[in-house]
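The values are calculated or read from the model by the stated rules, or taken from the named source; none is laboratory data. None of these values were measured; they are calculated from a predicted model. Neighbour counts are summed over all protein chains in view; Cβ atoms, including those assigned to glycine, are modelled from backbone coordinates with ideal geometry. The accessibility values were calculated without ligands, DNA or RNA, using every heavy atom of the protein model including side chains. Shrake-Rupley method; radii C 1.70, N 1.55, O 1.52, S 1.80 Å.
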Amino acid sequence: MELGPDTVIMPSLRLNPFFAHSLSRRFPSCSDLIEPIIWGSPIVQERVIPQALRRLGMPPYPVLPGKALIVVPRGSRTDFRERFEEGWKLLVKGARMLARRRAASSPLWRFIDLAFDYIEERMPGVLERPPLKLRYIEGERVVRSPRDYAEAVRELWNRAVKEKAIRVEPEAEVDLEEATSSAFSGESIGFPVASRRGFDYCTSCAKMPAAIIMPVEEDYSAVLATEIGEVPDGMMFFFSPGERLCPWCFLKRVISIEPRLLRILMDPVPESGLESFIDEIAEQEFGRLFPSTVHIALAEGIARLPRRDIEVPEEAKLWMWGLAERLARENPLALKVMEVLDEEVYRGAGPDIDDRFLWRYYALLRGDADSMGMLLSGNTLALWNPETNCRAEELSLEGAKLIIVSSAEGDVKKILREKLEKGEFGDLVFQQEDHCSGEGMCGRPFHLTPSISYHTVISASLMKAALLDIKVINELNGFVVYAGGDDLLALLPVNRALEAVRETRRNFSKKIDLESYPMVPMLHGVGRSYSLLVVHYRSPLSAALEQSSISLDLAKERVVFNRGQSFRKDLLVLERVPGGERAFIPLAPYRSIEEDQNGSLHPNVEDYERFLASIPDSLQAVLQGMRPLSDTPKLSSNILHDAALLYRDLDTLASLGESELMRKMLERLLERNMAPGLREKMKLADLGQWVMDDLLLTSRISVKEGGRERPLVVEFFEALKVVGGGMR
Ligand SMILES: [Zn+2]
């Protein structure tokens with residue numbers, strides 16, 4: 001009522017499990033209607049989600065974001081901020097209450113309880129401030145038509161861009177003056193171990209002073225025993241030796257041990273109901289097993305251990321059912337290997353075990369949709385990201401047609417197509433008055449008029465892709481760190497990482513044929529780039545994470561793929577950590593719209609779909625033919641070193657356009673490295689259909705930084721080296 005009679009608030013489920021959960025808690029009488037929309041959908045009928053839902057009473061994989069920008073109705077900014085801060089305080093209160101309740105029976109929670117006491121005394125007021133600074137922009141326009149909406153969105157967008165330029169970190173809002181200055185007058189900060197330098201920085205965020213400092217491995221049990229009595233077995237899973245945590249990162253850790261605390265914000269739990277809610281969850285504590293980087297590195301080895309008396313612990317099932325099926329706390333051998341990477345034990349396990357699979361590397365996969373900003377504003381150049389083009393108007397109009405036509409079925413589709421052919425677009429598309437073209441672009445591209453339902457469709461598609469990502473990664477024995485929006489972050493065994501790229505990339509653009517959900521769209525034609533890092537398990541994870549986002553930015557902004565036409569983005573960048581060459585592999589060598597030799601534009605959906613993410617497929621096929629993945633290898637892994645000697649020649653031949661000579665050179669290379677006595681000779685085609693297709697021989701990848709330019713075939717061998725080199 002206060003918002004006025006002409007304001008319509010239109011919530012849309014957008015397949016978001018958290019929103020659905022929240023709605024069905026608020027309106028229990030409607031939960032029968034809401035829940036089947038998400039949980040009954042064939043997309044999520046996977047083991048992990050219903051299982052977690054049943055045990056946690058909420059959807060799995062919640063995260064606290066690092067930043068958030070919210071559009072609110074005019075004049076309501078203060079209300080939102082106050083409500084958020086109240087909710088946060090309630091969450092902190094709940095966490096403290098839970099620690100107190102469980103302290104008597106659980107040494108782990110006794111430690112958490114003492115740590116909370118320490119934080120409150122030594123760094124008062126920090127926990128109560130949210131570690132997330134919400135930024136708001138207020139909507140001011142009255143929207144009466146789709147064009148109004150488009151204008152309003154554009155205005156908000158521009159303001160959001162400006163807003164992003166100034167970012168106030170949440171750390172700036174806490175007062176640490178007293179805590180840190182007294183740290184240098186003899187009162188060092190740190191529980192249970194005091195800092196030797198006055199204070200230390202948090203090892204997790206590296207921004208705030210650490211309140212909790214865990215003892216080093218040698219003193220771990222002794223120091224903790226004096227604080228909490230006995231030290232439980234799995235304690236190191238949650239608080240590693242030597243780890244230092246600031247109050248916020250500590251609280252986040254506590255929430256990851258008991259994610260149901262987030263229901264305080266999600267359900268939400270009212271202040272008056274907090275006690276009974278905490279009582280309810282305090283009763284049912286369940287074990288948790290987080291995979292470490294060693295677990296992931298050894299997943300393939302573990303999977304190949306002889307399966308005797310293997311029972312799957314419930315806590316492992318909850319988060320990574322694929323690996324969990326082969327894992328068991330009850331199997332002392334598997335556990336031993338996982339915990340300490342004990343080669344002696346692993347080797348001593350008998351003739352059944354093959355030390356070919358004692359790997360020290362794991363794969364860190366990060367994925368992110370391309371050109372989301374363009375897409376959200378309705379600019380259809382996002383569909384194929386040409387490197388340069390002076391036909392932006394024409395290209396974008398073609399893209400708009402493709403989207404409009406494919407959004408309908410049957411007669412409507414026919415009518416729409418006819419109208420569009422005649423140039424009758426009505427209000428469906430528009431050109432921006434003050435458009436500024438990007439680098440190498442000219443002309444004013446047409447935009448689809450974004451509407452509320454247009455945006456709803458995009459976010460529903462992203463949500464669906466995230467749910468599918470979770471499914472794929474779990475099936476490949478990996479672990480999803482985060483899947484949401486257009487982002488994916490996951491850890492995988494090295495030998496499954498390329499499959500993960502292929503499957504998730506294809507799913508992202510997949511047209512889903514669901515009889516009961518005929519109009520569930522996906523982002524067909526929109527690109528998605530990935531960075532795949534092959535990381536040694538002892539490399540600091542934080543450095544690897546940073547490197548993976550640097551690599552991804554590089555792939556998105558500074559790499560051009562050229563096979564006659566030049567495109568940007570939709571790339572996979574592969575890299576080994578520490579130190580190693582980078583390789584770039586295009587994921588969509590054909591875009592959904594292509595320019596023919598005469599310069600006319602055609603939808604090219606067939607080639608786009610057929611070749612989407614198929615180079616990772618070819619890479620995987622080659623690796624499967626070599627050691628260690630093959631028991632009877634057809635190809636010696638020396639081929640990678642041999643190939644490296646030819647890079648310069650291949651490059652020269654490629655720049656001369658001598659693809660026939662390149663082909664001969666590669667055939668020789670293959671012959672030299674083929675297993676002797678192979679009944680059926682390997683052909684170039686076995687390296688992947690790409691060679692036969694000439695794509696590998698004629699395409700080039702250029703990296704703007706440093707001016708590197710190489711034939712795709714060189715990138716192909718480099719990519720094999722990165723991934724193959726991680727299987728040891
Ligand atoms: Zn921190």
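Considering every residue within segment 425-435, establish whether at least one is modelled with pLDDT under 80, open to solvent by 60 Å² or more (accessible area, probe 1.4 Å) and in contact with a strand residue (DSSP E or B) (Cβ under 8 Å, 6 or more places away or on another chain).
Within segment 425-435 (the criterion being modelled with pLDDT under 80, open to solvent by 60 Å² or more (accessible area, probe 1.4 Å) and in contact with a strand residue (DSSP E or B) (Cβ under 8 Å, 6 or more places away or on another chain)), the answer is no, since none of the residues qualifies.
Have a look at Phe184, Phe199, Phe191 and point out the one that is aromatic (Phe, Trp, Tyr) and more than 16 Å from the ligand (Cβ to nearest atom).
Only one candidate passes the filter, namely Phe184.
Taking segment 247-268, which residues are of a type outside the set (D, E, K, R) and open to solvent by 20 Å² or more (accessible area, probe 1.4 Å)?
Of everything in segment 247-268, those that are of a type outside the set (D, E, K, R) and open to solvent by 20 Å² or more (accessible area, probe 1.4 Å) turn out to be Ser256, Leu265, Met266, Pro268.
Return yes or no: is Pro247 in contact with a strand residue (DSSP E or B) (Cβ under 6 Å, 6 or more places away or on another chain) and either within 16 Å of the ligand (Cβ to nearest atom) or at pLDDT below 90 (or both)?
So Pro247 does not fit the description; no.
Quick one: count up the residues across segment 203-216 that are open to solvent by 10 Å² or more (accessible area, probe 1.4 Å) and either at pLDDT 90 or above or on the phi < 0 side of the Ramachandran plot (or both).
Final tally of qualifying residues: 6.
Within segment 573-593, can you find the residues that are closer than 20 Å to Asn562 by Cβ, touching a residue at least 60 places away in the same chain (Cβ under 8 Å) and open to solvent by 10 Å² or more (accessible area, probe 1.4 Å)?
Selection gives Arg582 alone.
Given the conditions (1) open to solvent by less than 40 Å² (accessible area, probe 1.4 Å); (2) of a type in the set (Gly, Ala, Ser); (3) under 18 Å from Trp248 (Cβ atoms), report the number of the one that Gly125 does not fulfil.
(1)
Kindly indicate which of Ala211, Ala172 is of a type in the set (Gly, Ala, Ser), in contact with a Cys (Cβ under 7 Å, 6 or more places away or on another chain) and within 16 Å of the ligand (Cβ to nearest atom).
Ala211
When both residues are 6+ apart or on different chains and their Cβ atoms are under 6 Å apart, which pairs have a first residue that lies in segment 244-258 and is closer than 12 Å to Val126 by Cα, and a second that is assigned to a helix (DSSP H, G or I)?
Pairs that qualify, where the first residue is closer than 12 Å to Val126 by Cα and the partner is assigned to a helix (DSSP H, G or I), are Pro247/Ile119.
Residues checked against (1) open to solvent by 60 Å² or more (accessible area, probe 1.4 Å); (2) among the small types (Gly, Ala, Ser); (3) at pLDDT 80 or above; (4) part of a helix (DSSP H, G or I):
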site	(1), (2), (3), (4)
Arg25	yes, no, yes, yes
Leu53	no, no, no, yes
Arg110	yes, no, yes, yes
Leu134	no, no, yes, no
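Quick one: in segment 224-244, of everything that is among the β-branched types (Val, Ile, Thr) and open to solvent by 40 Å² or more (accessible area, probe 1.4 Å), which residue is farthest from the ligand (Cβ to nearest atom)?
Thr226
Restricted to segment 55-77, and to residues that are part of a strand (DSSP E or B) and open to solvent by 60 Å² or more (accessible area, probe 1.4 Å), which residue is modelled with the lowest pLDDT?
So, considering only residues that are part of a strand (DSSP E or B) and open to solvent by 60 Å² or more (accessible area, probe 1.4 Å), the one modelled with the lowest pLDDT is Lys67.
When the residues of segment 603-654 are narrowed to those that are touching a Pro at 6+ places or on another chain (Cβ under 6 Å) and assigned to a loop (DSSP other than H, G, I, E, B), which ends up most open to solvent (accessible area, probe 1.4 Å)?
Applying the filter and picking the extreme gives Arg627.
Can you tell me which of Asp233, Asp219, Asp200 is modelled with pLDDT of 90 or more, among the charged types (D, E, K, R), under 36 Å from the mean Cα position of the chain (by Cα) and not assigned by TED's automatic domain parsing to the domain that holds Ala544?
Every option except Asp200 fails the conditions.
When the residues of segment 671-703 are filtered to those that are at pLDDT below 80 and among the acidic types (Asp, Glu), which remaining residue is surrounded by the fewest Cβ atoms within 10 Å (Cβ to Cβ)?
Result: Glu680.
Which one is nearest to Pro62 (Cα to Cα), of the residues in segment 476-494 that are modelled with pLDDT under 90 and outside any strand (DSSP E or B)?
That would be Gly485.
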